[in-house]
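In what follows, a structure is listed as structure tokens, so that the remarks can point back to it.
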Amino acid sequence: PVEDYAKGRDLPGVEGTSRLSPHLRFGEISPFRVWHSLRERFPRHAPADVGIFRSELGWREFCWHLLYENPNLATQNYRREFDHFAWQTPSDAELEAWQQGRTGYPLVDAGMRQLWQTGWMHNRVRMAAASFLVKNMLADWRVGEAWFWDTLVDADAANNPANWQWVAGSGADASPYFRIFNPVTQSKKFDAGGSYLRGYLPELADLDDRSVHEPWKNPAAAPGYPEPLVGLQESRERALETYQRLKDG
Ligand SMILES: Cc1cc2nc3c(=O)[nH]c(=O)nc-3n(C[C@H](O)[C@H](O)[C@H](O)COP(=O)(O)OP(=O)(O)OC[C@H]3O[C@@H](n4cnc5c(N)ncnc54)[C@H](O)[C@@H]3O)c2cc1C
């Protein structure tokens, strides 16, 4: 899919990425081989999409350099000021709701069920599911890192903690803390027809393309699907206030 990678990589409902991650993780293919295959296939004037794909291989290298310099990347905040962040410990029931894809937010739940059923999750959904845990639920990123470590077929000693810390805001070159993914906006934008959502959430099969993103608006048509675990607006405000307290010291 590399020739349509720029667009395809963002759509969880299509096979728009290489799915090379477990093979790279276990050394079944080297990043150099992937890089040089692209040079062989596009000896000159590679399309822009190929450049974007290459930059993802570059992110992998970056994560490995970070791990090399920071062997405790999976356990220690890269930005040490986050040691004082007031994470909240989720109850067992809340954590299980996230792990098992029962948060009431379809994009998060479809992703977490994709992870459990297949061992892989689409990158855009990983970002949304991780943001939901660390920002809307205010759980320490290490809780999520550990679950991904146990369940991903591409669980990688560098990519996993580096990306969790990127989402949490505690990492190198991290996403700014105030960037809180809205799972509803994200699924409307990147899975407009709801094909990805319905694929993993059979409870939503009867909902139309609008309400599949917000099933709480039509609960009678989504029997068995949970109510939202937290309100998006209040939890977003709580996360921003907690971050502000950290900044104010
Ligand atoms: C919270 C979170 C946790 C993640 N944990 C892992 C993990 O344990 N192992 C893992 O390999 N990737 C991880 N990623 C990065 C990314 O989601 C996967 O590499 C990608 O989805 C794998 O699918 P693919 O091979 O089809 O990717 P493609 O889009 O085809 O990309 C090609 C390759 O580039 C590398 N790559 C792509 N995106 C990233 C990235 N953001 N950071 C580092 N390398 C990247 C991977 O090696 C990937 O196989 C994580 C992302 C997030 C947000």
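The values are calculated or read from the model by the stated rules, or taken from the named source; none is laboratory data. Note that this is a predicted model, so its numbers are computed, not measured. Cβ placement follows ideal geometry from the backbone for every residue including glycine, while neighbour counts extend to all protein chains displayed. Surface areas here come from the heavy atoms of the whole protein model, side chains and all, with no ligands, DNA or RNA. Shrake-Rupley method; radii C 1.70, N 1.55, O 1.52, S 1.80 Å.
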Residue set R102, R39, R33, R79; condition open to solvent by 90 Å² or more (accessible area, probe 1.4 Å) and under 22 Å from A130 (Cα atoms); output residue R102
With the first residue restricted to segment 21-33 and required to be touching a residue at least 60 places away in the same chain (Cβ under 8 Å), and the second required to be assigned to a loop (DSSP other than H, G, I, E, B) and surrounded by 12 or more Cβ atoms within 10 Å (Cβ to Cβ), Cβ contacts under 6 Å at 6 or more apart or on different chains are S21/D154; P22/V153; P22/D154; R25/D154; R25/D156
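Take segment 1-15 and flag every residue that is open to solvent by 90 Å² or more (accessible area, probe 1.4 Å) and under 20 Å from V125 (Cα atoms). Before the answer, list the steps.
Here is the first cut: in segment 1-15, the ones open to solvent by 90 Å² or more (accessible area, probe 1.4 Å) are 3-4, 7, 15.
Listed by number, the residues that qualify are D4, K7, E15.
Could you pull out the residue among S55, S18 that is surrounded by 14 or more Cβ atoms within 10 Å (Cβ to Cβ) and either near the ligand (Cβ under 10 Å from one of its atoms) or not small (G, A, S) (or both)?
On the way: S55 fails: surrounded by 14 or more Cβ atoms within 10 Å (Cβ to Cβ).
Sole residue among the options that is surrounded by 14 or more Cβ atoms within 10 Å (Cβ to Cβ) and either near the ligand (Cβ under 10 Å from one of its atoms) or not small (G, A, S) (or both): S18.
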